[in-house]
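Below is one structure, written out as structure tokens, with a few remarks after it.
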Protein chains: 4
Amino acid sequence: MTTRKNSGTTTTPAKRQRATSSGSASERRDHLVKLAAELFARKGFQATTVREIAEEAGILSGSLYHHFDSKETIVDEVLSTFLDDLIARYRAALDTSADARTVLSEMVRIGFGTLEPHRAAITVMQNDWNYLRQFERFNYLVKAEDEVEQIWVSQIKAGQAAGLFRSDVDPKLTYRMIRDTIWVAVRWFRPGGRLNTSGLAEHYITVLFDGLATGERTTQKG
Amino acid sequence: MTTRKNSGTTTTPAKRQRATSSGSASERRDHLVKLAAELFARKGFQATTVREIAEEAGILSGSLYHHFDSKETIVDEVLSTFLDDLIARYRAALDTSADARTVLSEMVRIGFGTLEPHRAAITVMQNDWNYLRQFERFNYLVKAEDEVEQIWVSQIKAGQAAGLFRSDVDPKLTYRMIRDTIWVAVRWFRPGGRLNTSGLAEHYITVLFDGLATGERTTQKG
Amino acid sequence: MTTRKNSGTTTTPAKRQRATSSGSASERRDHLVKLAAELFARKGFQATTVREIAEEAGILSGSLYHHFDSKETIVDEVLSTFLDDLIARYRAALDTSADARTVLSEMVRIGFGTLEPHRAAITVMQNDWNYLRQFERFNYLVKAEDEVEQIWVSQIKAGQAAGLFRSDVDPKLTYRMIRDTIWVAVRWFRPGGRLNTSGLAEHYITVLFDGLATGERTTQKG
Amino acid sequence: MTTRKNSGTTTTPAKRQRATSSGSASERRDHLVKLAAELFARKGFQATTVREIAEEAGILSGSLYHHFDSKETIVDEVLSTFLDDLIARYRAALDTSADARTVLSEMVRIGFGTLEPHRAAITVMQNDWNYLRQFERFNYLVKAEDEVEQIWVSQIKAGQAAGLFRSDVDPKLTYRMIRDTIWVAVRWFRPGGRLNTSGLAEHYITVLFDGLATGERTTQKG
DNA sequence: GATGAATGAGGGTTCATTCAT
DNA sequence: TATGAATGAACCCTCATTCAT
């Protein structure tokens, strides 16, 4: 239920480390993380230099190392903050004990709902995950991903068992497609466009559950 | 209809450049591009050094510059080769003058069908596009993307006009979701698993057109 | 007779500076010097960071600068403390007005006798002297060294004049060899081994005065 | 009999690596090593920057990495070259099957004989060994040292068994003192002074075997 | 005295690229 | 075509030191 390999049950190590800092120190740190996240999202993790991050904060690059061990530590905090929040939201949705379709709808809404507050983190995860995963320190991300997958897959299976979902689809595969569809939207979604994230969610829920077709015809090609 | 900003109508500049080379030289070049593509896909464009590419080919890094002007030229060739092929396939599907649902299904199949032969290129496009787009030379990729978008959106609209597709969905949005769902699959799809790309396509077509729900219930919206 | 270039006759500047501090402040300072000396000895002067010294003392690196102007000041104190003590001991030995061999023996014993109480300082002097001497502030160390050399050389010459020492050896050269043999022992001497420093001294005195050979044979090769 | 942990029997890995290079490449490399050795000796390993080494060679610092993996690799080559030569010389001396005193004398001469050709390497070993040994890659230096120690100690013991050397001295301790006395001379020995290294050797051999005392008196210990 | 944020200079190293051979 | 030496700019990071609090 946590996002870090060596963590306890409810908090990531990063979060715990953060908590040990004094209030204002933590605020400064959080601010720096936010600035860095924006840069990582815009230019990519590797293409963002520590000098740029520092410049954005109005300090020198060396000064960043008063707050963080390394560039990796910064992106780590970006990602784990997001995952902590995401998983917490999912858990809350599960606690409602509604039927599978309702829960799944809510989870879709949660997913799209993170698009704005965690836009930068999600973008980093989409673009730089392939690079970051080669570092052992980010193994915990895989674990978090697995946990999320289990949550989704069990709901899909429950829906199938209850006769709510068609039984001829693969739960794991279906989860992956839903997940990807939601997160990849971060690439083109911009606040202020035709639809807000809530509209996006409803749009997707409609297509997801009821399909694109009207049922007028059932032509299909092998 | 082409993938390069400064190209003519049917061939990318990269392709034309390639064509000017002698047969065996072109083969050597293609081989190098293929090796590079694999590395780009595995480690990311930025994280892959020209030294590594050269090493993989059994030559020294400086020697690569007899074949390519720059590292960017290599990845350019990787991407444009893929896009050339993709667009050509789409065009063929459009020529069938079948109904919108049939055409759209075929286009989904085409998309999934590129997952294996163009795995590396698609991976690079997914992971490194955000970085590469900042270089002017890759502007043509945006144009190619726009062209593809138009192909899809017009089919969706045609389907709606024909009463085949529900009219309460946004064509552009729907296209994006379909597109993302297909391409992102490259991240987890591995040949030899439960489903091949053809199976993946049918699975997705089912959910896409007819929805996940069985219709047993019409429970709600949050 | 003193160890600092700009000092008076009997005390080093460092000592004087120390003396001006209040009792407990001086104790704190001495403690910090001792901690630093250990680190310098173990890791080398350059490789030891002020952060490490401060950490060892349970404070932050910036706080060290309430006690010392600079890192060099700390090592200065380490070295001058040792030299002050050494020269004081030599002087005492000279006051006995015994014959040259007795005095020289005593000086060897004094040298080995500093190995334990001044282990760290001697180690620093052996390993980091080459680096430290480039700073003008450590010029006084050369002067102290010269003073010590004069003490030894005059004793050796006196011994030769009195017919106690063979006259075919170079006094200065002999001094250097004795000196080096004693101090370099700090590299391998560990308290608690077969011989204590006193045993080491006697062992060396034996070989030094009477030679390794038994006299049984006088084979020699050019 | 070799100076590297993972080496075969007669050559160090460094040497083998060097040998694989073409003639002129090796020469360039050797030249760079020589320049670096001088700087290391003069300023210390840590205080010498790669930029300084490169400047000395008239190239840029980055260019050094065309020849060496790292700064450590350079100093490694400096030290192993010296040790290879030293051990080879010792072996040759042992092959003469002369009596222990003769062999030991020869080994002292060998030691002093390296002072000039290997001055830089010996200086580095004296001053920076304490720092370098913390890196695993230099473990082989300890092994080389052990090998040398065995050569010496066995000769001293042989001399004692043959009644040539006094039996009341500790072989290991005696070796260490001899070793230190020879090598530390690098600190003050300058070619062109009163004595050349050959003179130094004979001087030391005299004192070592026959002692400083004339035998006129046997006063001992205060 | 101590803190902690920041400085500023520099360190070792990387890497795409060039070019004479 | 390929080599290999070199470039030059940039990168992440370190560290002694300062100073307002």
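Which residue out of A:Arg89, A:Arg101, A:Arg109 is farther than 30 Å from B:Thr49 by Cα, touching a Leu at 6+ places or on another chain (Cβ under 7 Å) and modelled with pLDDT of 90 or more?
A:Arg101
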Quiz item: Does segment A:39-49 include one or more residues that are more than 15 Å from DNA strand E (Cβ to nearest atom), outside any helix (DSSP H, G or I), in contact (Cβ under 8 Å) with a residue 12 or more places away in the chain and within 14 Å of another protein chain (Cβ to nearest Cβ)?
Solution: yes
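Can you say whether C:Asp69 is out of contact with any Pro (no Cβ under 7 Å at 6 or more places or on another chain), open to solvent by 10 Å² or more (accessible area, probe 1.4 Å), under 30 Å from D:Ala213 (Cα atoms) and acidic (Asp, Glu), as far as the supplied structure shows? Before the answer, list the steps.
Details: out of contact with any Pro (no Cβ under 7 Å at 6 or more places or on another chain): yes; open to solvent by 10 Å² or more (accessible area, probe 1.4 Å): yes; under 30 Å from D:Ala213 (Cα atoms): no; acidic (Asp, Glu): yes.
In short, no.
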Practice problem: Would you confirm whether any residue within segment B:173-189 is closer than 19 Å to A:Ala185 by Cα, facing chain A (nearest Cβ under 7 Å) and assigned to a loop (DSSP other than H, G, I, E, B)? | Solution: yes
Exercise. For B:Ile151, indicate whether it is under 15 Å from the mean Cα position of the chain (by Cα), β-branched (Val, Ile, Thr), within 12 Å of chain A (Cβ to nearest Cβ) and not in a loop (DSSP other than H, G, I, E, B).
Key: no
Practice problem: Pairs only if they're at least six apart or on different chains, beta carbon under 6 angstrom, first in segment B:63-85 and away from DNA strand E (no atom under 14 Å from the Cβ), second modelled with pLDDT under 95 and outside any helix (DSSP H, G or I); list them, first residue then second. | Solution: B:Ser80/B:Thr3; B:Ser80/B:Thr12; B:Leu83/B:Thr3; B:Asp84/B:Thr3; B:Asp84/B:Thr12
Quiz item: Do we have any residue at all in segment D:18-29 that's within 16 Å of DNA strand E (Cβ to nearest atom), out of contact with any strand residue (DSSP E or B) (no Cβ under 6 Å at 6 or more places or on another chain), polar (S, T, N, Q) and assigned to a helix (DSSP H, G or I)?
Solution: yes
Self-check item: Which numbered condition D:Val33 misses (of (1) within 13 Å of DNA strand E (Cβ to nearest atom); (2) away from chain C (no Cβ under 14 Å); (3) modelled with pLDDT of 95 or more)
Solution: (1)
Quiz item: Would you pick out the residues in segment D:62-99 that are hydrophobic (A, V, I, L, M, F, W, C), within 16 Å of DNA strand F (Cβ to nearest atom) and in a helix (DSSP H, G or I)?
Solution: D:Leu64, D:Ile74
Quiz item: How about segment C:44-59: which of its residues are more than 8 Å from DNA strand F (Cβ to nearest atom) and open to solvent by 50 Å² or more (accessible area, probe 1.4 Å)?
Solution: C:Glu55, C:Glu56, C:Gly58
Quiz item: Counting just the residues of segment A:154-170 that are open to solvent by 20 Å² or more (accessible area, probe 1.4 Å) and within 26 Å of the chain's Cα centre (by Cα), which one comes out farthest from A:Asp99 (Cα to Cα)?
Solution: A:Asp170
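Looking at segment A:116-127, can you tell me whether even one residue there is farther than 29 Å from A:Gln155 by Cβ, within 16 Å of DNA strand F (Cβ to nearest atom) and either open to solvent by less than 10 Å² (accessible area, probe 1.4 Å) or within 10 Å of chain B (Cβ to nearest Cβ) (or both)?
no
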Quiz item: Of everything in segment B:72-90 that's under 24 Å from A:Asn127 (Cα atoms) and among the aliphatic types (A, V, I, L, M), which residue is surrounded by the fewest Cβ atoms within 10 Å (Cβ to Cβ)?
Solution: B:Leu86
Exercise. Answer yes or no: is there a residue in segment A:158-170 that is in contact with a strand residue (DSSP E or B) (Cβ under 9 Å, 6 or more places away or on another chain), assigned to a loop (DSSP other than H, G, I, E, B) and either modelled with pLDDT of 95 or more or β-branched (Val, Ile, Thr) (or both).
Key: yes
Practice problem: Give the residues of segment B:91-109 that are surrounded by 15 or more Cβ atoms within 10 Å (Cβ to Cβ), small (Gly, Ala, Ser) and more than 12 Å from B:Ser154 (Cα to Cα), sorted by residue number. | Solution: B:Ala93, B:Ala98, B:Ser105
Practice problem: Scan D:Glu202, D:Glu145 and give me the residue that is within 12 Å of chain C (Cβ to nearest Cβ) and modelled with pLDDT under 95. | Solution: D:Glu145
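Here is a check on your reading of the model: is C:Glu106 within 16 Å of DNA strand E (Cβ to nearest atom) and out of contact with any Lys or Arg (no Cβ under 7 Å at 6 or more places or on another chain)? Quick ask: steps written out before the conclusion?
Numbers: within 16 Å of DNA strand E (Cβ to nearest atom): no; out of contact with any Lys or Arg (no Cβ under 7 Å at 6 or more places or on another chain): yes.
Against the criterion (within 16 Å of DNA strand E (Cβ to nearest atom) and out of contact with any Lys or Arg (no Cβ under 7 Å at 6 or more places or on another chain)), C:Glu106 does not qualify.
Considering only segment A:48-59, I want to know if a residue exists there that is under 18 Å from the mean Cα position of the chain (by Cα) and of a type outside the set (Val, Ile, Thr).
Let us first name the residues in segment A:48-59 that are under 18 Å from the mean Cα position of the chain (by Cα), namely none.
No, the conditions are met nowhere in segment A:48-59.
The values are calculated or read from the model by the stated rules, or taken from the named source; none is laboratory data. Just so it is clear, the structure is predicted and the values come from calculations on it, not from any experiment. Cβ coordinates were reconstructed from backbone atoms using ideal geometry, including for glycine residues, and neighbour counts include every protein chain displayed. Note: areas computed on protein heavy atoms with side chains; ligands, DNA, RNA excluded. Shrake-Rupley method; radii C 1.70, N 1.55, O 1.52, S 1.80 Å.
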